[in-house]
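For reference, the structure discussed in these notes is given below.
The values are calculated or read from the model by the stated rules, or taken from the named source; none is laboratory data. Keep in mind the model is a prediction, meaning the values are calculated, not measured. Note: ideal-geometry Cβ built from the backbone for every residue, glycine included; neighbour counts use all protein chains shown.
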Amino acid sequence: MTGPREIEIVGDLSRLPTSASGARHLVWWGNIGFMLIEGTGFALAAAAYLYLMTQAPAWPPRGDALPGLLWSGLFTAGLLLSALPNLWVLRCARNKDVAGVRRGVLAMAVIGLILLVPRGFEFAHLGVPWHRDAYGSVIWLLLVLHTTHVITDWADTVVIGTWLFTHEVGDDQFADVEDNSNYWTFVVVCWLPVYVLIYWAPRAV
């Protein structure tokens, strides 16, 4: 029998942090990848729109009304304004401000719910049903695609907010809030070219 082996210490990891935020967090990179994939989806839908527009003799086709500007304008203005409290929540998360994060996430949940009201009226004023022709199908596709992202982020915000008010807030929760804020910025930025395609491209041709 041999004697006990000596334990060799090759490194001391006790001083490493137990959590991370930003680019040092694996979930942050997952969120970036998620946005890249969904951004590709928006790009493909926009490419389909532009292809159909270049192939059509008139855009929108005869018999289709131009989409209304009132509710889309209200939604766009509200979405752009929502970027301000969203950036504030992001700063609170990075500063590990528990009270600020709780208030901010609650505010963003309310804002997201309010924005769904003008978005609902947008669908009613697109001027064409989704099944009438290619024009109707592609603008409904773009609007449904973006609405799905608004609802997804709103639901995520509600879940995070519920956790923040019912559990102890730690570094992982601050990282979740940061990722959620980054995703809302993605939702805001993606809407701008979609808004131009749906509401202003038909008026420019």
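Across the range 148-176, the number of residues qualifying as over 24 Å from GLU38 (Cα atoms) and touching a Ser or Thr at 6+ places or on another chain (Cβ under 6 Å) comes to 2. Between PRO57, PRO85, PRO17, the distinction of being at pLDDT below 95, within 30 Å of PHE174 (Cα to Cα) and not aliphatic (A, V, I, L, M) belongs to PRO17 only. Checked against (1) polar (S, T, N, Q); (2) under 24 Å from the mean Cα position of the chain (by Cα); (3) at pLDDT below 95, THR76 meets all criteria but (3).
Here's the yes/no breakdown for (1) buried (at least 16 other Cβ atoms within 10 Å of the Cβ); (2) not aromatic (Phe, Trp, Tyr):
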{"residue": "ALA48", "(1), (2)": "no, yes"}
{"residue": "ALA56", "(1), (2)": "no, yes"}
{"residue": "TRP59", "(1), (2)": "yes, no"}
{"residue": "PRO67", "(1), (2)": "yes, yes"}
{"residue": "VAL89", "(1), (2)": "yes, yes"}
{"residue": "CYS92", "(1), (2)": "yes, yes"}
{"residue": "ASN95", "(1), (2)": "no, yes"}
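In the range 173-181 there is no residue that is surrounded by fewer than 17 Cβ atoms within 10 Å (Cβ to Cβ) and of a type outside the set (Lys, Arg). Of all residues in the range 64-103, those satisfying the criterion of being part of a loop (DSSP other than H, G, I, E, B) and without any contact (Cβ under 8 Å) to a residue 24 or more places away in the chain are ASN95, ASP97. Within the range 148-162, does at least one residue satisfy the condition of being free of Cβ contacts under 8 Å to residues at least 12 places away in the same chain and within 28 Å of MET53 (Cα to Cα)? Yes, the conditions are met somewhere in the range 148-162. For the range 104-205, the helices (runs of 4 or more DSSP H) that sit wholly inside it and include 1 or more residues that are of a type in the set (D, E, K, R) and under 21 Å from SER82 (Cα atoms) are 134-166, 171-195. Checking each residue in the range 48-63 for being not aromatic (Phe, Trp, Tyr) and not in a helix (DSSP H, G or I) picks out ALA56, PRO57, ALA58, PRO60, PRO61, ARG62, GLY63.
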